[in-house]
Each structure stands twice: as structure tokens, then as C-alpha cells.
1. For the list (1) in contact with a Lys or Arg (Cβ under 7 Å, 6 or more places away or on another chain); (2) open to solvent by 10 Å² or more (accessible area, probe 1.4 Å), I need the number of the one condition that ALA376 fails.
2. When you check SER234 against the structure, is it more than 14 Å from the ligand (Cβ to nearest atom), open to solvent by 30 Å² or more (accessible area, probe 1.4 Å), small (Gly, Ala, Ser) and in a helix (DSSP H, G or I), yes or no?
3. Restricting to segment 120-162, name every residue that is out of contact with any strand residue (DSSP E or B) (no Cβ under 6 Å at 6 or more places or on another chain), within 14 Å of the ligand (Cβ to nearest atom) and open to solvent by 10 Å² or more (accessible area, probe 1.4 Å).
4. Is there any pair linking a residue in segment 410-421 that is in contact (Cβ under 8 Å) with a residue 24 or more places away in the chain to one that is open to solvent by 70 Å² or more (accessible area, probe 1.4 Å), with Cβ under 7 Å and at least six apart or on different chains, and which?
5. Given the conditions (1) open to solvent by less than 60 Å² (accessible area, probe 1.4 Å); (2) out of contact with any strand residue (DSSP E or B) (no Cβ under 8 Å at 6 or more places or on another chain), which single one is not true for GLU198?
6. If you check ILE170 against the conditions, is it in contact with a Pro (Cβ under 9 Å, 6 or more places away or on another chain), away from the ligand (no atom under 14 Å from the Cβ) and open to solvent by less than 20 Å² (accessible area, probe 1.4 Å)?
7. Could you pull out the residue among GLU402, GLU398 that is surrounded by fewer than 13 Cβ atoms within 10 Å (Cβ to Cβ) and either in a helix (DSSP H, G or I) or out of contact with any His (no Cβ under 8 Å at 6 or more places or on another chain) (or both)?
8. Being part of a helix (DSSP H, G or I) and either open to solvent by 10 Å² or more (accessible area, probe 1.4 Å) or among the polar types (S, T, N, Q) (or both) is the filter here; which residues of segment 251-267 pass it?
Amino acid sequence: MKITVIGHGYVGLVTAAVFADLGNSVYVVGRTAEKIENLNKGIIPIYEPGLEELVKQGLSAKRLHFSLEYDPYVSESDIVFIAVGTPPKSSGEADLSTVLEVAKKIGTHLNGYTVVATKSTVPVGSNKMIARILAENKDSKAKFDTASVPEFLREGSAIHDTLNPDRIVIGTKSQRAQDLLITLHKPINSRFVLCNLETAEMIKYAANSFLATKISFANAIAKLSEKVSADALSVLEGIGYDKRIGNEFLLPGAGYGGSCFPKDVKALIAISKQHGYDFALLSEVENINKEARHDIVKKAVKMLGEVQGKKIGILGLAFKPNTDDMRNAPSIDIIASLSKMGATIKVYDPQGAENAKKIIQGATFCKDSYEVAENADLLIILTEWNEFKEINLAKIKEKMREPKILDGRNIYDPEEIKELGFVYQGVGRA
Ligand code: UDX
């Protein structure tokens with residue numbers, strides 16, 4: 001099939017690379033000349049394991065192309081995917097301006113029959129709006145159907161998730177569009193959820209909000225476990241074996257960040273409000289998440305006594321491992337609070353440093369964990385990179401002024417680490 005993908009962020013680029021890998025001709029349209037030039041050379045703007053290789057394969061097989069132009073790709077395509085950003089406005093609502101702008105441009109280039117499918121996370125009703133814009137801007141002979149095909153990939157395992165999804169959601173009222181999208185996705189072995197546009201739009205928000213709720217529930221259980229001398233990790237393992245609950249996304253720690261959960265929880269609260277429903281459960285999910293970050297700061301203060309003049313080392317800046325993405329990373333707030341209290345901060349992240357330098361001020365960026373540990377009074381783990389699980393803790397202890405570890409992602413065994421002579425504090429551990 002011929003496919004055009006508008007947008008080359010995580011969703012657009014991964015979708016394009018995977019569909020090219022599956023044998024389709026894929027055109028990716030962007031709006032920044034430098035990025036498109038780089039992409040055509042196989043240089044990708046994000047760190048995502050395996051993606052650069054897949055893009056390079058697509059380029060050399062001539063199945064993947066990057067362009068600044070809609071013409072002639074949109075008019076020649078069977079399916080056009082909209083995969084541009086929907087950042088939150090100050091009200092929490094998703095900002096649809098780029099999606100609507102893109103819809104207008106797609107409309108003017110439609111030719112023959114085309115399915116216009118949205119991958120961007122958009123509020124309920126947006127695809128109807130997109131259909132209206134397409135209809136207003138298209139040539140009278142051009143025919144189209146709209147569909148909502150939400151994306152559930154996780155950063156850091158995006159290619160694996162796209163090739164092995166738990167389900168593929170196709171929301172459309174058109175049988176022809178549904179059939180075409182099923183044909184495109186057939187090589188991906190998964191089950192289909194076939195529904196209308198609004199249902200597909202809701203599924204995406206409901207999925208992300210539910211996962212965020214699980215994480216906040218885990219953080220609330222962790223908080224209570226500390227108070228009653230229970231071990232939250234065992235409590236959560238104990239409930240997770242119940243298939244009705246499931247053991248994923250139950251890890252307590254510094255809370256959720258990233259480009260999706262914070263934005264989508266906010267957007268669902270805003271959508272609910274617009275429709276006269278107060279989704280108070282989700283407001284509490286947000287509060288618990290904020291508290292999870294704040295609790296790391298409170299624990300640091302308790303472990304240090306006085307923060308003023310102390311040296312704190314931070315291991316991990318990205319919002320999760322295997323990405324260089326710093327959007328809404330807990331590290332940003334935690335470092336800002338500790339700096340404000342007068343601590344000197346040294347940081348290290350295996351991939352996130354470049355992006356972090358643009359956001360985090362006043363911290364010293366180090367080349368590795370050992371440099372961070374040099375003369376530190378406290379080490380705080382904020383991202384669970386495998387590298388940190390394997391560091392030489394005896395060497396770290398030698399370098400530190402005070403051997404204290406605040407493990408914001410529970411990556412170490414408290415008993416083992418105490419035996420090494422560290423003062424240790426995790427999240428939810430008795
Ligand atoms: C998420 C969804 O998982 C994905 O389906 C959707 O398409 C986009 O949003 P992503 O943001 O890439 O993906 O990362 P994810 O692995 O979900 O982690 C999000 C945040 O939750 C991270 O900050 C992570 O550290 C945190 N998290 C995750 C926890 O704190 N505890 C957990 O148990 C799981």
C-alpha cells in the first residue's frame with residue numbers, strides 16, 4: 001500500500017518505519033527542513049532503541065521517504081495517517097491546532113479515495129471535526145473516510161510494541177475504511193477492536209488514564225506501607241498475581257512522567273468537565289503523582305538533616321529508561337526543589353543529558369555514576385537504567401562523603417545495600 005504519515009515524532013516515525021518494514025511505500029511529511037534532510041540520511045531526532053536501524057533499512061529499500069511536501073504523496077496514498085502532537089493547553093485540554101491545520105492541507109491534496117486515519121491522541125469528537133475540514137477543503141471528485149487508529153506504543157520499546165500490540169483499535173463508520181486498515185495491519189499478529197470513531201478516541205484516553213491510576217494506586221499503597229511497616233513491593237506483587245488486577249504498572253517510585261500520561265489524564269479531566277462530569281478520581285491520581293515527587297524531596301531532607309551546602313548526586317534524568325525524553329520527567333521538579341534548598345547537584349543520565357541540559361539549570365552534568373558519587377552526601381536514583389543496577393556499589397561508597405542512597409525506583413535490594421554499609425531508603429519499603 002501507499003501510505004503517508006504526517007509527523008515524525010515517536011508515533012509518526014515508528015509507525016512509518018514499521019509499515020515500510022512490512023513492505024509498504026511510506027512517505028513521511030514534516031515541516032522542518034533540517035530534520036527532513038537528516039531523516040533522509042538516516043539520522044533520527046530521538047533516541048529509541050532499534051529505530052535508526054529500521055529507518056536506514058527503509059531508506060535503502062526505497063520504501064521510506066521523508067519530505068516537506070504533501071504533494072504528490074497525499075494524493076497518491078491509500079491511507080494518510082495524522083501523527084502530529086496534541087500538547088496540553090493551560091486549561092488541560094489538548095491543543096488541536098496542528099491537527100486541524102494538517103487536516104486542511106490534507107484536504108486540498110485528496111484525490112480518488114483515501115482513508116484519513118488519526119493516530120494523534122485527540123479528544124472525543126475531533127475526528128468528526130477533521131472530517132468536516134477535509135470535506136470543506138477537498139476537490140469535489142475526491143472521496144475519503146476518516147478513522148481513529150490510536151497508538152499504544154511505549155517509548156523505549158516502541159518498535160516491539162508496534163509489532164506486538166495487545167490490540168489494534170480501528171474506529172470508523174465506513175466498512176471500506178475498516179477493510180483497508182485491517183488489510184494494512186494484517187501482518188501484525190494481534191486482535192482487532194472494531195468500533196466507531198468516538199469509542200476509539202475514548203479507548204486511548206481511558207487506557208492511559210487507567211494505567212496512570214494503577215501507578216498512583218501503587219504509590220498510595222507504598223506510602224501507607226511505609227507507615228505500617230509493610231513492604232509495598234510484596235503487597236503489590238501479592239495483588240498483581242490476581243489476573244483481574246495484573247502485575248504491570250504497579251511499580252511505586254518517583255511517579256509517572258513523559259509525554260502521554262500527564263497530558264492525557266489532564267485532557268480526560270478537561271473532557272469530562274466540558275460534559276458536566278467531575279472525574280474526581282483522576283484529579284486524585286494527579287495529586288498522588290505530584291506527592292510521589294514531593295515525597296522524594298522530603299525523604300532527601302530527612303536523610304540529609306540540613307540540605308543547605310550538601311552535595312547531592314542524581315542518577316537518571318529521563319522520565320523512564322531507554323529514552324532520552326525529558327518531558328515531564330520527575331527529575332526536573334525534584335532537582336529544582338533540592339537546588340532551591342541550597343544543595344549542590346551533580347547529575348548523570350546515559351541518554352537524557354543532552355535534552356536535560358536545555359531544561360535543568362545549575363546542575364553539573366557528569367560523564368558517569370562514579371563522577372556523580374564523588375564527595376556526595378546523598379545519591380538519588382530517579383530512572384531505573386540497567387546501568388545503575390550493575391554499578392560497582394563498593395566503588396561508589398568509597399567515593400561518597402556519606403554513603404547514603406535514596407532509591408526512587410527501588411532498583412536495589414535493601415538488605416544487600418545495607419550490608420555494603422549504605423544508609424538506604426526506597427519507596428514503600430519497610
Ligand atoms: C505510555 C503508555 O504506556 C503507552 O501505551 C502510550 O501509547 C503512551 O504512554 P510511555 O509514556 O512511553 O507510554 O511510558 P510508560 O512505560 O507507560 O511509562 C510512563 C511513566 O510511568 C514513566 O515515567 C514510568 O517511570 C512510570 N511508571 C510506569 C511507573 O512509575 N510505574 C510503573 O509501574 C510503570
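1. So ALA376 meets the others, but not (2).
2. It is true that SER234 is more than 14 Å from the ligand (Cβ to nearest atom), open to solvent by 30 Å² or more (accessible area, probe 1.4 Å), small (Gly, Ala, Ser) and in a helix (DSSP H, G or I).
3. Residues satisfying the conditions are THR121, GLU151, PHE152, LEU153, ARG154, GLU155, GLY156, SER157, ILE159, HIS160, ASP161, THR162.
4. Hits for this filter: ILE411/LYS389; LEU420/LYS397; GLY421/LYS397.
5. Result: GLU198 fails condition (2) only.
6. Working: in contact with a Pro (Cβ under 9 Å, 6 or more places away or on another chain): no; away from the ligand (no atom under 14 Å from the Cβ): yes; open to solvent by less than 20 Å² (accessible area, probe 1.4 Å): yes.
No: the conditions fail for ILE170.
7. Of GLU402, GLU398, the one residue that is surrounded by fewer than 13 Cβ atoms within 10 Å (Cβ to Cβ) and either in a helix (DSSP H, G or I) or out of contact with any His (no Cβ under 8 Å at 6 or more places or on another chain) (or both) is GLU398.
8. PHE261, PRO262, LYS263, LYS266
The values are calculated or read from the model by the stated rules, or taken from the named source; none is laboratory data. Small disclaimer: the values here were computed from a predicted structure and weren't measured. Cβ coordinates were reconstructed from backbone atoms using ideal geometry, including for glycine residues, and neighbour counts include every protein chain displayed. Note: accessible area is taken over every heavy atom of the protein model, side chains too, but ligands, DNA and RNA are not part of it. Shrake-Rupley method; radii C 1.70, N 1.55, O 1.52, S 1.80 Å.
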